[in-house]
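Structure first, commentary second.
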Amino acid sequence: ASSSGIDYRAELNDEQFGAVTSPPGPTLVIAGAGSGKTRTLTYRVAYLLDQGVDARNILLLTFTNKAAREMTERVRTLVPHDVSALWSGTFHSIGNRILRRHAEDLGFTKAFSILDRDDQKSLLSSVIGALDIDTKSRRFPKADVLASMFSLVENTGESLEEVIMHRYPYFDDWQEEIEKVHKGYVKRKLETNSMDFDDLLVLTLRLLKENEDLLKLYQKRFRHILVDEYQDTNSVQTELIDLLVAGGSSVMAVGDDAQSIYSWRGADMGNILSFPKRHAGCKVFKIETNYRSVPEILDLSNAAIKANLERFDKDLRSSREALGVKPALVPLQDPSLQSQFISQRILELRDEGIPLEEMAVLYRAHFQSLEVQMELTSRGIPFSITSGLRFFEQAHIKDIASFLRFATNRRDETSFKRIVLLLPGIGAKGADKMWAQWLKTGWAVKEDTPPWSEVLSTFKPPKKAETHWKQLGYIFDELTPNGEFAKPSDMVYSVLEGMYDDYLCASYDNAENRRNDIEQLMSYGMNFDDVLEFLAQLSLLSSADGEPTGDKSERDDEKVTLSSIHQAKGLEWKVVFVIWLADGQFPNGRVIEAEDDAMMEEERRLFYVAITRAKDELYMSYPLINPKSYTGDVIQRPSRFLDDFPKALVEEWQVGPSWDHEGVDEPF
Ligand code: ATP
Ligand code: MG
């Protein structure tokens, strides 16, 4: 019992209770899927508040911002304390929050723009262009590849040279030029007052490392640091936490080494394994009960992960009664039958009383969901999708955002060019010229807001763009009335009415849909008064961190979830379908070809994450024929992961027409 009346003993098992109520100091909870790690963290927050800890002294780091919101909501229902001063979110969003306060210390301004992958690519292309590298004779890495390289440098602590040597040996000859591009890129980011996603972590770390007073300030503020999904932290994140904790704060990390699935992005499961070593006096808790899945599903997942050698042995016991239904293994003729089966089954289950939001279809790669998307659409089954192009990454949303970004950050070359390129008669060269003219006006670095229409009227745009150019001036005047920023939703409105609507109609068949999206953006903007906060939120939402599409108010009610497995981490549903379980699809073909044990083990952990999302029912399906391959129809072998457990643990389903061998080339 406690001051808030929570009966911790009744709500938690012994291990969870031990962790939740452990005295200040480093604590690690390492336990399998569905054992209540996230629940433990949530109760820990409640417990701290119960003990009189001020909410502002708590920092909660989660894998998605949605998870952070849900956990804080849960805490709100548990204890009467005010939790609004508690900081919670992803590492990136916390980094953003800190950097907005102290950007000047790093040579940026508070209004810095956040570059997404697309923006990074265009900035990189312009750096490469300026360097005049002869890319004709030998293949030079594309902007996308360069962005990945640089990101690995930031996230692994390896030097650029090492990254090239270890992961991109093919581009070894270009090392000197790549170094130059890297330097140019860093410089351009500073000049354009913009940061990429990695900067949100790396620069936060640098800020605190180089500024003793600031570090002390945050060490004093965050007396209790809690981290979920710790197995997927990278070296920068680990260092950041360790630095904050070094001032004597308490840290509690929870995670599962068997669910580490982000090494391709620099995550290192060594961080969780070495946690006790790095934090003297660390208490380690292991939870061996699974509360999520029925024994039938749990037995399967225990067996599946055993095939990995690199892991801590931890058999989970189920706390739940057996349902008497084994996980289903469903071979299907082809992808189209697979999606028909899934849609059909979803409807049957709904008729049995399982709501749609308790069902999920999971896959390794986004493109594998397209058939299912089409089938669900044609049957009128609503779904929400948390992979692939997200709402905020769509071109028309980004177009609108670039107006807002440029109005607030006049050094933002990427946004400026994006806007200018919307005008008729202006191409990449023209955009460069306009940018040069803009720099000449000096307004990029002035403190006050320019009288936009006056300044822009001195430009010489191509004839075709003259009227549009004028409109631009009026729009920007509207975005910054009296030198202040208008409200975010009003800004969106000004851009739409001022010119973007005409552009949409002239450029797209589906202008109507796109306009609807923009209207949705406008209503999302109503949640904000401050345009900087609004823009930061857009950038964070479009990051690869598993946010749902649509605005904050949109509920997931009565919708099936379609999600990549990576983004399903930490979540649970009554019914889960894992699709495309064929060799070459999952595990991925590249991983099979690489013949690299570590990579294969990560694929298997991904499979483990997928099947451990299911509470009651699990369906594993694969198409026998993949008709989409370049080579014509290809017969697919069932995934090797399906050989890792005894067949007695699953029920094989026979669905649809029998497999017709004729006319199909045997690939083996
Ligand atoms: P993952 O590794 O997938 O992130 P997890 O270890 O974080 O899983 P949770 O999501 O916290 O597990 O818990 C899984 C489910 O079990 C949740 O529905 C949770 O409410 C429930 N649960 C956990 N512990 C208990 C408990 N002691 N009593 C009742 N239910 C519990
Ligand atoms: Mg969890």
Legend entry - Residues of the range 132-178 that turn out to be out of contact with any helix residue (DSSP H, G or I) (no Cβ under 9 Å at 6 or more places or on another chain) and among the basic types (K, R), as a count: 1
Inset, instruction - Would you kindly identify the helices (runs of 4 or more DSSP H) lying entirely within the range 346-459 that contain at least 3 residues that are out of contact with any strand residue (DSSP E or B) (no Cβ under 6 Å at 6 or more places or on another chain) and of a type in the set (G, A, S)? - result: 395-408, 428-441
Inset, instruction - Restrict the check to the range 541-555 and report whether at least one residue is touching a helix residue (DSSP H, G or I) at 6+ places or on another chain (Cβ under 9 Å), away from ligand 1 (no atom under 16 Å from the Cβ), modelled with pLDDT of 80 or more and not small (G, A, S). - result: no
Inset, instruction - For I114, work out the one condition from (1) under 23 Å from G255 (Cβ atoms); (2) part of a strand (DSSP E or B) it doesn't fulfil. - result: (1)
Legend entry - Residues satisfying the stated conditions in the range 251-267, i.e. more than 16 Å from S35 (Cα to Cα), of a type outside the set (S, T, Y) and assigned to a helix (DSSP H, G or I): W264, R265
Legend entry - Evaluation of V591 against (1) within 16 Å of ligand 1 (Cβ to nearest atom); (2) of a type in the set (A, V, I, L, M, F, W, C); (3) modelled with pLDDT under 95 (one fails), failing number: (1)
Legend entry - Residues being in a helix (DSSP H, G or I) and within 22 Å of T38 (Cα to Cα) - total across the range 300-314: 3
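Each row is one residue, and each column tells you yes or no for (1) modelled with pLDDT under 95; (2) surrounded by fewer than 21 Cβ atoms within 10 Å (Cβ to Cβ).
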residue	(1), (2)
A407	no, no
E413	yes, no
G425	yes, yes
A428	yes, yes
D448	yes, yes
T458	yes, yes
T467	yes, yes
Legend entry - Out of R345, R320, sole residue that is more than 29 Å from the chain's Cα centre (by Cα) and within 16 Å of ligand 1 (Cβ to nearest atom): R320
Inset, instruction - Could you please find all residues in the range 203-212 being surrounded by fewer than 16 Cβ atoms within 10 Å (Cβ to Cβ) and within 21 Å of N155 (Cα to Cα)? - result: R206, K209, E210
Inset, instruction - Scan the range 268-296 for residues that are within 12 Å of ligand 1 (Cβ to nearest atom) and assigned to a helix (DSSP H, G or I) and report the count. - result: 0
Legend entry - Residue list for the range 255-297, filter: in contact (Cβ under 8 Å) with a residue 60 or more places away in the chain, among the polar types (S, T, N, Q) and farther than 29 Å from E321 by Cα: S263
Inset, instruction - Please work out if A246 is touching a residue at least 24 places away in the same chain (Cβ under 8 Å), more than 23 Å from E158 (Cβ to Cβ) and either away from ligand 1 (no atom under 14 Å from the Cβ) or among the basic types (K, R) (or both). - result: yes
Inset, instruction - Kindly indicate whether any position in the range 227-240 is in a strand (DSSP E or B) and of a type in the set (V, I, T). - result: yes
Inset, instruction - Check off (1) more than 30 Å from V127 (Cα to Cα); (2) surrounded by 15 or more Cβ atoms within 10 Å (Cβ to Cβ); (3) more than 28 Å from the chain's Cα centre (by Cα); (4) among the hydrophobic types (A, V, I, L, M, F, W, C) for C505 and give me the number that stays unchecked. - result: (2)
Legend entry - Filter result for the condition that a residue is touching a residue at least 12 places away in the same chain (Cβ under 8 Å) and not basic (K, R), over E212, E239: E239
Legend entry - Residue check, L226 within 16 Å of ligand 2 (Cβ to nearest atom) and either touching a Cys at 6+ places or on another chain (Cβ under 6 Å) or over 30 Å from K306 (Cβ atoms) (or both): yes
Inset, instruction - Scan the range 308-330 residue by residue and report those that are within 22 Å of A598 (Cα to Cα), surrounded by fewer than 17 Cβ atoms within 10 Å (Cβ to Cβ) and touching a residue at least 40 places away in the same chain (Cβ under 8 Å). - result: L309, E310, F312
Legend entry - Scope the range 36-70; condition in contact with a strand residue (DSSP E or B) (Cβ under 6 Å, 6 or more places away or on another chain) and modelled with pLDDT under 95; matching residues: N65, A68
Legend entry - Matching option when the condition is surrounded by fewer than 19 Cβ atoms within 10 Å (Cβ to Cβ) and at pLDDT 95 or above, among L215, L226: L215
Inset, instruction - State all residues of the range 601-622 that are among the charged types (D, E, K, R) and under 14 Å from Y363 (Cα atoms); if no residue qualifies, say none. - result: E603, R604, R605, R613
Inset, instruction - Could you tell me which residue of the range 246-274 is farthest from ligand 2 (Cβ to nearest atom), considering only residues that are under 19 Å from T21 (Cα atoms) and out of contact with any Phe, Trp or Tyr (no Cβ under 7 Å at 6 or more places or on another chain)? - result: G248
Inset, instruction - State all residues of the range 154-207 that are assigned to a helix (DSSP H, G or I), touching a residue at least 24 places away in the same chain (Cβ under 8 Å) and β-branched (V, I, T); if no residue qualifies, say none. - result: T156, I178, V181, V202, T204
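Residue by residue, here is whether (1) within 15 Å of ligand 2 (Cβ to nearest atom); (2) under 22 Å from the mean Cα position of the chain (by Cα) holds:
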site: S35; (1), (2): yes, no
site: T40; (1), (2): yes, no
site: A46; (1), (2): no, no
site: L61; (1), (2): yes, yes
site: V79; (1), (2): no, no
site: V83; (1), (2): no, no
site: S88; (1), (2): yes, yes
site: G95; (1), (2): no, yes
Legend entry - Whichever residue in the range 560-574 is touching an Asp or Glu at 6+ places or on another chain (Cβ under 8 Å) and closer than 13 Å to S343 by Cα and, among such residues, is nearest to ligand 2 (Cβ to nearest atom): T561
Legend entry - Selection from the range 400-413 of residues that are under 21 Å from R514 (Cβ atoms) and of a type in the set (V, I, T): I400
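The values are calculated or read from the model by the stated rules, or taken from the named source; none is laboratory data. These figures come from a predicted structure and were not determined experimentally. Cβ: placed from backbone, ideal geometry, glycine included. Neighbour counts: every protein chain shown.
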